[in-house]
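Data block below; observations after.
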Amino acid sequence: FFPPVPSESALVAVAAIAATSGKPVLAVVLVAAALGAIAGDSIAYWIGRRIGFARLARSKRPRIAAAFAFAERQMQRRSASLILTGRFIPVGRVAVNMTAGATGLPYRRFLAISAIAGLAWSAVSIGIALAASSVLHEPIVAALVSMVVAAGLGIAVDRVLGTISRRREARDARAAAAAAATATATSTTATPATA
């Protein structure tokens, strides 16, 4: 959740050892890191849910209150891209996940996005360790690459979820319109005509 050693550093170090020695197995490292990421994200989510948005947003400083208001709007519009991108930002992930909980984002949706983010983060971190051990010698470049990948994944997931949501809303609107038309037709035929 909030380790004294940044989790990326620990994961990249373990992955580098696994890549050079073959132990532990990279697949085990990937799964363990993803599960740890999901657990940490969930802890932050539930802390945010427990505290509530009103308490987080209640600030005597207008800039902080405005920042929380902006975060709430963005969480409703772009939750996937925020959570996926936040997973790659050490302090940002805690703030994003707490905001997700505080704004009432449904936990099932959060958990699904967090699982994708955790797996992507683990895979990218391990990939960075493998690439870094053979090509890259700059950790800053590796961090930037991981953030770009996360942002791209976030945008893609948001678009897919947005399309699904729009289709579902359109289907529900058509069903409601059909039900209203049926109810109107039924009430018109059931009422006798007066002369």
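Of note:
- Pick from the range 1-56, criterion in a loop (DSSP other than H, G, I, E, B) and surrounded by 14 or more Cβ atoms within 10 Å (Cβ to Cβ), ranking: modelled with the lowest pLDDT: F1
- Matching helices (runs of 4 or more DSSP H) fully within the range 87-195 where at least 2 residues are modelled with pLDDT of 85 or more and buried (at least 19 other Cβ atoms within 10 Å of the Cβ): 92-102, 107-134
- Every residue from the range 57-80 that is at pLDDT 75 or above, surrounded by fewer than 13 Cβ atoms within 10 Å (Cβ to Cβ) and of a type in the set (K, R): R73, R77
- Residue check: I83 meets all listed conditions (1) under 18 Å from G118 (Cβ atoms); (2) modelled with pLDDT under 70; (3) not in a loop (DSSP other than H, G, I, E, B) but one, namely (2).
The values are calculated or read from the model by the stated rules, or taken from the named source; none is laboratory data. Computed from a prediction, not measured in an experiment: that's the story for all the values here. Every residue, glycine among them, receives a Cβ derived from its backbone with ideal geometry; neighbour counts consider all protein chains shown.
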